Amino acid sequence: MRDGRGQVRRKVGLRLWLSAGWLTLLLLAALLAPWISPKDPLAQDLFLGRLPPFWMAGTEPGYWLGTDSLGRDVLSRILHGTRVAMTVALVAGTITCVIGAVLGLLAGFLRGWVDIVISRLIDIWMAFPPVLFSILLIAVIGPGLWSIILAIVVIDWTRFARVVRAEAMGQGAMDYVASAQVAGRGRMGTMLVEILPNVLPTIIVLLTLEMGIAVIVEAILSFVNLSISTDDPTWGGMIAEGRTSVHQAWWVLVFPLITLFLTVLSFSQLGEGLKDRFDPVLR
Amino acid sequence: MSFLEVRNLSARVRGAPDRLLRDVSLSVAPGEVRGLVGESGAGKSMIGKAVLGILPRAVEVLCGEILLGGTDLLRLPPAERRRRIGATCALIPQDPLTALNPSRRIGPQMTDRLVDILGWTRAKADARARDLLAEVQIADPDRVLRQYPHELSGGMRQRVLIASAFAAEPKLIVADEPTTALDVTVQKEVLRLIAGMQARHGTALLFVTHDLGVVSKVCQSLSVLYAGMVVEDTTVRDFFRAPAHPYARALLAATPKYTDPDRSLVPVAQDVLDGVQAQVDAADRGWRNG
Amino acid sequence: MAEMFQVRDLRLSLPDLGRKPLLGAAPRIDILRGLGFDIAKGEVLGIVGGSGSGKSTLGRALVRLLEPTGGSIVFEGTDITHLDETGLRPLRRRFQMIFQDPMSSLNPRHRVGTIIGAPLALHGFDGIPERVEQALDHVGLPAAFRSRYPHELSGGQRQRVGIARAIAMEPDFILADEIVSGLDVSSQAQVLTLLERLVAELGLTLAFISHDLSVIRRLCSRVLVLQHGAIVEQAATDRLFAAPQAAYTRDLLAAIPLPDPDQVWV
């Protein structure tokens, strides 16, 4: 009998296109920054300090989004800052995801002593206050890109593991897992072939969210001057500097802030959009 | 003079080309038990939900009337409609597990509606709850009122839900497959209870089920549905003696009957399905043109 | 030998984790309390009981999804009671299972072709695409369904995919665990008719678990009635329905609402 089920179609695509579009732009900006930046991001010119963006009065040609108090071009600095942001997002996000998802899957599906050990590990780990933990880590290792990445991974893998564990447990109770066992599939095989595809949508969403979080964490750390040690511009650093001159030159604070916001938003929407588009169950 | 009268009700999922309910008409007299029978997807639950005003948001009513005590519910403003349905109707749901709030005790769940919506005093509502639990043969009503849903068995929970349905002395109860999830022996108990309470309180009952066996025990009349369309509407006696519509006949032949194993559990033949589907298609064509 | 399964004094208990003390093992709940019966080759055995009777647990023990805590299960001469997975693996393709809930027994993210074909690949069958097509044909589904996902099928169709998966490996024995309970009347009739035909055509031995005696009558030659983890009656189908011995069996029969308004049913 034909009935009404299955007739409701989902509107897919828009948020996937927008978020993927923005992130692709950022990726290109990060890769091509030295070549596409209009000015040298580190070049100071005190005579050109605090120039406004191009559509306002009193601007200089070539400084599209204005300059900061030391005369450095805001646009070029944002473009270069993209490199740090993207590196941290992609590397920290991926490593956190892999560690957390693998441990979560093992704990949630294999249960038994594997689950006991991993769960206790997560519980103890999560008891450390994250911000203090990361500051401590950086104080010990010293500032730098890899310190930030390590700090993010070390703190956030537990969140991944917990959620993936819960998902894996839920899927493990399903009859299709029992069916695989009756068919003679081993535990590891079942985990990879049967469970993983059903946990993957959650993992993807978590991964993209994690990338967004990584960008924010980096921005916070550079805001408090605990980020990379060189003079390379970072969005957080620009926001920190812009804060002091926000009344005279609001653009120094606002533009990196908007970029940061759009980037984090795009990451979260990307995950949702990918899930909508590629998950056979939801199509 | 019927208490509930549905006239030419059509509904569909928003944006979908096909209707979910196709020109459904039925009536339930005061104190009558009418069965709504059909396979899954036939729309029988939808009709119950439409009457109670709890259709999913994705479903829109296209046309028709739902008359409750003479007033068309669909023409009332939403607040007035909710009030009227709340005052005169109740639901016995299918799944006793999810129908009760796991974090509240049974007592408040049974009495809230009486106190908040109908303005009863807490004392009066509690007394009523106690009486009803005794009526559904729960041995220790005071204890059960203080318990949480997970402390009760499935059969007990269903009894609580039945008692709750009768709490405000409704004129119409919609029972949405109340015994589908139950063991056959528990089902008998529950059906007995429902039938007994219905007779004592004189409530009209719209009984949604796919089980013709249950219909023959509890209902006085029935409507058979296929793809949201009523294909037969008759008394229970007449139906089981000789169903008129080929599809209804096939449904009866497919129903298990252990006293006659060779002439039951016969799958519905393809030509019967084609025939009734053709009827549906013709109705759709008429609807689109008319 | 004529007996495919020989079950003696089967016991199975599970730990009650809700009542586990801080130190020490959890108290155990006895689910199966010493069952003894045989399943002959080519027989269709019905296993009937209410919820909590242990019938599903019995089924899972028979196909060794669960390990018994006592007693023995002998399958075609081999004692499988406490075999580990390595020992069971070669035997697995000879006994298969069809599950109750067609929603959760098919991996929602695998296509039908994979669902049926993956177990075949595991056991080293050749010509898998042809076997998949043949299995679909046996259950009356078009070969094109191979590329569909479970959510693109109706409940009855999904159940038939479950049957196709079970028969694809050409097993000797199939356990059907309440496979028609969630289906409406016409799908139920279709699946039962299909099963009847397959048993005859493929020479299968079947154990059919159900709470519905009406369905058992049609399909099964012998019936086991379970209550609280023990067998209360064991008889040929006709004899059980004509003259039920146990009080519980009589209660079960009396509770069934026949589609007949003249039935005495109070």
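Largest GNM mean-square fluctuation among C:THR57, C:THR69, C:THR81, using chain C with Cα springs under 10 Å: C:THR69. Other protein chain C-beta atoms within 10 Å of residue C-beta, averaged over A:169-178: 5. Under 5 Å between amide hydrogens, built in the peptide plane, is the criterion, and for B:VAL266 it picks out B:ALA254, B:THR255 among residues at least 5 positions away or on other chains. For region B:236-280 and region A:175-224, write down the distance between their C-alpha centroids in whole Å. That distance is 49 Å. Rounded to the nearest 20, the Cβ-based charge dipole of chain C about its Cα centre (Lys and Arg +1, Asp and Glu -1) stands at 580 debye. The alpha-carbon positions of region B:142-224 define a convex hull whose volume is 103 Å³ per residue.
Annotation note: chymotrypsin sites (Phe, Trp or Tyr not before Pro) in region C:1-77 located in DSSP loop regions with a Cβ neighbour count of at most 15 within 10 Å are absent.
With Cα atoms as the point set, region C:95-234 shows a radius of gyration and Dmax of 15.1, 46 Å. Sites listed here are chymotrypsin sites (Phe, Trp or Tyr not before Pro) in region B:227-290 whose DSSP assignment is loop and whose Cβ has at most 15 other Cβ atoms within 10 Å, and the list is empty.
Kirkwood analysis of the Cα pair distances in region C:59-122 returns a hydrodynamic radius of 13.5 Å. Entry note, chain C: the mean residue ellipticity at 222 nm calculated from DSSP H runs of n ≥ 4, each adding -39500 (n - 2.57), is -10000 deg cm²/dmol after division by the residues and rounding to the nearest 500. Let me make sure I get this right: for region A:23-83, a, b and c are the square roots of the gyration tensor eigenvalues over alpha carbons, sorted descending. Under 1.5 in a/c it's rounded, otherwise prolate if a/b > b/c, else oblate. Which is it? In terms of gyration-tensor shape, prolate.
Shown here are the Rg and Dmax of the Cα trace of chain A, at 23.0, 79 Å. For region B:4-289, the Stokes-Einstein estimate of translational diffusion at 20 °C and a viscosity of 1.002 mPa s comes to 107 µm²/s, using the Kirkwood hydrodynamic radius over alpha-carbon pairs. Peptide C:103-113 is shielded by partner chain Cβ atoms: per residue, an average of 5 of them sit within 10 Å of its Cβ.
Cross-link pairs exceeding 25 Å between alpha carbons, from the set B:LYS44/B:LYS124; A:LYS275/B:LYS44; B:LYS188/C:LYS41; B:LYS217/B:LYS257; B:LYS44/B:LYS171; B:LYS44/B:LYS217: B:LYS44/B:LYS124; A:LYS275/B:LYS44; B:LYS188/C:LYS41. When its C-alpha radius of gyration is set against 2.2 N^0.38 Å (N residues), region C:29-140 gives a value of 1.24. Distance between the modelled labels on A:SER245 and B:ASP142, one decimal in nanometres: 8.0 nm (7 Å Cα→Cβ projection). Averaging 1/r over each pair of different alpha-carbon atoms in the protein assembly as shown and inverting the result gives 31.5 Å, the Kirkwood hydrodynamic radius.
Please build a GNM for chain A, connecting alpha carbons under 10 Å apart, and tell me which residue among A:PRO52, A:PRO41, A:PRO61 fluctuates the most. Of the options given, A:PRO61 has the highest mean-square fluctuation. Based on C-alpha pairs under 8 angstrom that are at least 6 apart in sequence, chain B has a relative contact order of 24 percent. For the segment B:245-257, counting C-beta atoms of other chains within 10 Å of every residue's C-beta and taking the mean gives 4. The Stokes-Einstein estimate for region A:166-279, based on a Kirkwood radius over Cα pairs and taken at 10 °C with 1.306 mPa s viscosity, is a diffusion coefficient of 92 µm²/s.
Just so you know, the Rg over Rh for chain C is 0.98, from Cα atoms, with Rh as the Kirkwood radius.
Restricting to bridges with both residues inside region B:4-289, how much of the DSSP beta-bridge set is antiparallel, in percent to the nearest 5? It would help to have the intermediate numbers written out before the result.
Numbers: 22 of 40 bridges.
Around 55 percent of the beta bridges assigned by DSSP in region B:4-289 are antiparallel ones.
Residues considered: A:VAL117, A:VAL217, A:VAL163. Largest GNM mean-square fluctuation over chain A, using C-alpha springs under 10 Å, is found at A:VAL117.
Where a number appears in this text, it was derived from the coordinates with a stated rule and is not lab data. Just so it is clear, the model here is predicted, and its values are computed rather than measured. FYI the Cβ positions are ideal-geometry reconstructions off the backbone, even for glycines, and counts take in every protein chain you see.
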